[in-house]
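Enquirer: I am attaching a structure below and will ask some questions about it afterwards.
The values are calculated or read from the model by the stated rules, or taken from the named source; none is laboratory data. These numbers come from a predicted model, not from an experiment. Positions of Cβ are generated from backbone atoms using ideal geometry, with glycine treated the same way; all protein chains shown enter the neighbour counts.
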């Protein structure tokens, strides 16, 4: 049974069956020409959209349907986390190849709806279309944030300290493992790749405590995130390689395939950690995010007036240019 | 020159060059992890998303790039019109084949941004990805509406009169013309297909005057729209075939290829007119929409307690079942 045996309406109804009751702030939900929403009071709204494409952002051969759905939503939530926002609602736009098994469709939808439900996010609408091309999942996510708690990329100043949440490298290692060994392999790196966790709570706490001067999420690697903060803020950044929280299992993987682990972790994508900067005298404000964010925060570098992006391997060695990150497009 | 010669950032900057300055209600626009928006005061928000896929919803062989962009946005605006909403902002998610000429990319973007600018809509963000499949344009549009002015599909009652805006059939005829004669053909039907006009002003006026009890836009044909209002409202509808405002040039086209024109116009998609119902004693409220909406409104049928969907060819003939509309998915 493939999706081509269903009408659009039947597929929509399969999605609706997986959804909890609509929230009170949704006077018109799925099933009309558009959804009608009551805005949250005294909040700004944060909008993001991200698409994942089979063969570009995931590979159906080793990514289970529920993980495809989970990842498609998590990458959006990670963008909201990086703004200090609380996610509120999403719209799903799915372009489906005719031969997509109906069970895979249900699995993808369950990956999305389970994560949405767990985070208290309403699926308020969407669009289904067939495509002669690859499965494409486009999700628009909307969150809310108080004006004074918005995090942007542009607020870092020379002297600010650079932090990263959690650990880096695990997702890239997990992807390498899956590409080599196929769908059967299971370990924490593979899990990090298949079911990334958006750092929503740390992002909210950094925003609420006004602890961070700039923040991005690491979708395309730490080097790319460093570059984005540096460019938006007009600063340079020097990263202390020895301080980087490279996931130990990832380090083991990279070394086993003959790659320099720190370099691989800096350039590897899909971590979805937060990279942020903090004014030195406001380090105290990090405490709540440290205590209640559920994830370690590690100081990994410093912002400089000189606009170079540098990597210091050890305190004894010379600084080298930061390697290029991962780029999706070229 | 194809899009594959550019980085994602270069393509984004080509889009930004086509945009007017950001509105004051957009504290963070394109270029951060997400966009930050101040909600409009005392308004509900209306959300819709629609994707168009090369080979499914358009054909690059006879659809100029600017028309592809225009149509991709217009179908979203039509959904907002059907809710009585004023469009405010959009997010663009484009999946681009590597061999898409850069000039076509610019043309598609110009089709979107010109329509957006003309309607006072801000492009606040988006996503670019490459795809091994067909060009896919996914647009999320958000509008605003006062709570008392929301139009839905579900408010029709037996006895309500059924109206349609403008004329029907022209876009289907235009598509037929293009499919037969290729990109060179130009006439009003082709223009209606290539550059559909969302009925924003009539939709706003119907909502503000509280003239309509139910409303949908005609994306997939009048028969499909009738079915959607009937199902959502729990009524039947009888359409008076002789009253239908079939576009005269479209009628001529359908007859020239041996099709019954009224039937073809009822089933043809892409009209993007509004189909709506009005309580008989509230017909007076239609006047403002008639006078200021810039488009004729034609009474074409009536809602019935019996839930059948019927077509009355002439007052003298028997009623027949309404034909099936166009369905995108199967």
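Enquirer: Look at region A:18-32 and say how many of its residues are over 27 Å from the mean Cα position of the chain (by Cα) and at pLDDT 95 or above.
Expert: 3
Enquirer: Now a separate question. For region B:220-244, which residues satisfy the criterion of being over 27 Å from residue A:30 (Cα atoms) and part of a loop (DSSP other than H, G, I, E, B)?
Expert: Within region B:220-244, B:244 is the sole residue that qualifies.
Enquirer: Does region A:94-113 hold any residues that are part of a strand (DSSP E or B) and crowded, with 23+ Cβ neighbours inside 10 Å, and which are they?
Expert: Within region A:94-113, A:94, A:95, A:96 meet the criteria.
Enquirer: Which condition breaks for residue B:259 when tested against (1) touching a residue at least 12 places away in the same chain (Cβ under 8 Å); (2) closer than 22 Å to residue B:189 by Cβ?
Expert: Failing condition for residue B:259: (1).
Enquirer: Looking for whichever is assigned to a strand (DSSP E or B) and more than 14 Å from chain B (Cβ to nearest Cβ) here; the options are A:284, A:301. Which one fits?
Expert: A:301 is the lone residue from the list that is assigned to a strand (DSSP E or B) and more than 14 Å from chain B (Cβ to nearest Cβ).
Conditions (1) at pLDDT below 95; (2) touching a helix residue (DSSP H, G or I) at 6+ places or on another chain (Cβ under 7 Å), marked per residue:
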site: B:61; (1), (2): yes, no
site: B:66; (1), (2): no, yes
site: B:97; (1), (2): no, no
site: B:104; (1), (2): no, yes
site: B:116; (1), (2): no, yes
site: B:129; (1), (2): no, no
site: B:156; (1), (2): no, yes
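Enquirer: Based on what the data block shows, is residue A:171 under 23 Å from residue A:245 (Cβ atoms) and out of contact with any strand residue (DSSP E or B) (no Cβ under 8 Å at 6 or more places or on another chain)?
Expert: When the stated conditions are applied, residue A:171 passes them.
Enquirer: Among the residues of region A:245-261, what is the count of those that are in contact with a helix residue (DSSP H, G or I) (Cβ under 6 Å, 6 or more places away or on another chain) and not in a helix (DSSP H, G or I)?
Expert: Selection size over region A:245-261: 2.
Enquirer: Quick one: how many residues across region A:25-38 are free of Cβ contacts under 8 Å to residues at least 12 places away in the same chain and either surrounded by 16 or more Cβ atoms within 10 Å (Cβ to Cβ) or more than 8 Å from chain B (Cβ to nearest Cβ) (or both)?
Expert: Taking region A:25-38 as the starting set, the residues that turn out to be free of Cβ contacts under 8 Å to residues at least 12 places away in the same chain are A:27-28, A:32-33, A:36.
Filter once more, keeping what is either surrounded by 16 or more Cβ atoms within 10 Å (Cβ to Cβ) or more than 8 Å from chain B (Cβ to nearest Cβ) (or both): A:28, A:32-33, A:36.
Here the count works out to 4.
Enquirer: Within region B:182-211, how many residues are in contact with a strand residue (DSSP E or B) (Cβ under 8 Å, 6 or more places away or on another chain) and under 12 Å from residue B:293 (Cβ atoms)?
Expert: Of the residues in that region, 8 qualify.
Enquirer: Checking residue B:171 against (1) within 28 Å of residue B:238 (Cβ to Cβ); (2) assigned by TED's automatic domain parsing to the domain that holds residue B:20, only one condition comes out false. Which one?
Expert: (2)
Conditions tested, residue by residue: (1) touching a helix residue (DSSP H, G or I) at 6+ places or on another chain (Cβ under 9 Å); (2) buried (at least 24 other Cβ atoms within 10 Å of the Cβ); (3) more than 17 Å from residue B:162 (Cβ to Cβ).
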position	(1), (2), (3)
B:216	yes, yes, no
B:224	yes, no, no
B:233	no, no, no
B:268	yes, yes, yes
B:288	yes, no, yes
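Enquirer: How many of the residues in region A:50-61 are more than 8 Å from chain B (Cβ to nearest Cβ) and assigned to a loop (DSSP other than H, G, I, E, B)?
Expert: Total satisfying the criteria: 3.
Enquirer: Also, quick follow-up: Please enumerate the residues belonging to region A:168-187 that are over 22 Å from residue A:119 (Cα atoms) and in contact with a helix residue (DSSP H, G or I) (Cβ under 8 Å, 6 or more places away or on another chain).
Expert: Taking region A:168-187 first, the residues over 22 Å from residue A:119 (Cα atoms) are A:168-170, A:172-187.
Selection gives A:168, A:169, A:170, A:172, A:173, A:174, A:175, A:176, A:177, A:178, A:185, A:187.
Enquirer: Within region A:110-132, does at least one residue satisfy the condition of being within 18 Å of the chain's Cα centre (by Cα), within 9 Å of chain B (Cβ to nearest Cβ) and over 30 Å from residue A:280 (Cβ atoms)? Before the answer, list the steps.
Expert: Of region A:110-132, the ones within 18 Å of the chain's Cα centre (by Cα) are A:111-121.
Cutting the leftovers down to within 9 Å of chain B (Cβ to nearest Cβ) gives us none.
No, there is no match, as no residue in region A:110-132 is within 18 Å of the chain's Cα centre (by Cα), within 9 Å of chain B (Cβ to nearest Cβ) and over 30 Å from residue A:280 (Cβ atoms).
Enquirer: Can you name the residue in region B:202-211 that is under 17 Å from residue B:298 (Cβ atoms) and under 18 Å from the mean Cα position of the chain (by Cα) and is also nearest to the other protein chains (Cβ to nearest Cβ) among such residues?
Expert: Result: B:203.
Enquirer: Follow-up. Have a look at B:164, B:109, B:123 and point out the one that is within 30 Å of residue B:236 (Cβ to Cβ) and in contact (Cβ under 8 Å) with a residue 24 or more places away in the chain. Working first, answer last.
Expert: Numbers: B:109 fails: within 30 Å of residue B:236 (Cβ to Cβ); B:123 fails: within 30 Å of residue B:236 (Cβ to Cβ).
None of the others qualify; the one that does is B:164.
Matching residues to (1) within 14 Å of another protein chain (Cβ to nearest Cβ); (2) in contact with a strand residue (DSSP E or B) (Cβ under 8 Å, 6 or more places away or on another chain); (3) assigned to a helix (DSSP H, G or I):
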site	(1), (2), (3)
B:45	yes, yes, no
B:48	yes, yes, no
B:63	no, no, no
B:69	no, yes, yes
B:84	yes, yes, no
B:92	yes, yes, no
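Enquirer: Further, regarding this structure: Quickly run through region B:142-159 and pick out the residues that are facing chain A (nearest Cβ under 8 Å), buried (at least 24 other Cβ atoms within 10 Å of the Cβ) and over 29 Å from residue B:125 (Cβ atoms).
Expert: B:153
Enquirer: For region A:13-23, state whether one or more residues are farther than 25 Å from residue A:85 by Cα, touching a residue at least 24 places away in the same chain (Cβ under 8 Å) and not in a loop (DSSP other than H, G, I, E, B).
Expert: Yes, that holds for at least one residue.
Enquirer: So, one more: Of all the residues that make up region A:1-24, how many are closer than 30 Å to residue A:204 by Cα and buried (at least 19 other Cβ atoms within 10 Å of the Cβ)?
Expert: Residues meeting the conditions: 1.
Enquirer: Ok, one more. For region B:304-320, which residues satisfy the criterion of being free of Cβ contacts under 8 Å to residues at least 12 places away in the same chain and either under 22 Å from the mean Cα position of the chain (by Cα) or not in a strand (DSSP E or B) (or both)?
Expert: Of everything in region B:304-320, those that are free of Cβ contacts under 8 Å to residues at least 12 places away in the same chain and either under 22 Å from the mean Cα position of the chain (by Cα) or not in a strand (DSSP E or B) (or both) turn out to be B:316, B:317, B:318.
Enquirer: Those residues that are part of a helix (DSSP H, G or I) and at pLDDT 95 or above, I need them from region B:268-281; list them, please.
Expert: Taking region B:268-281 and keeping what is part of a helix (DSSP H, G or I), we get B:280-281.
B:280 - this is the single residue of region B:268-281 that is part of a helix (DSSP H, G or I) and at pLDDT 95 or above.
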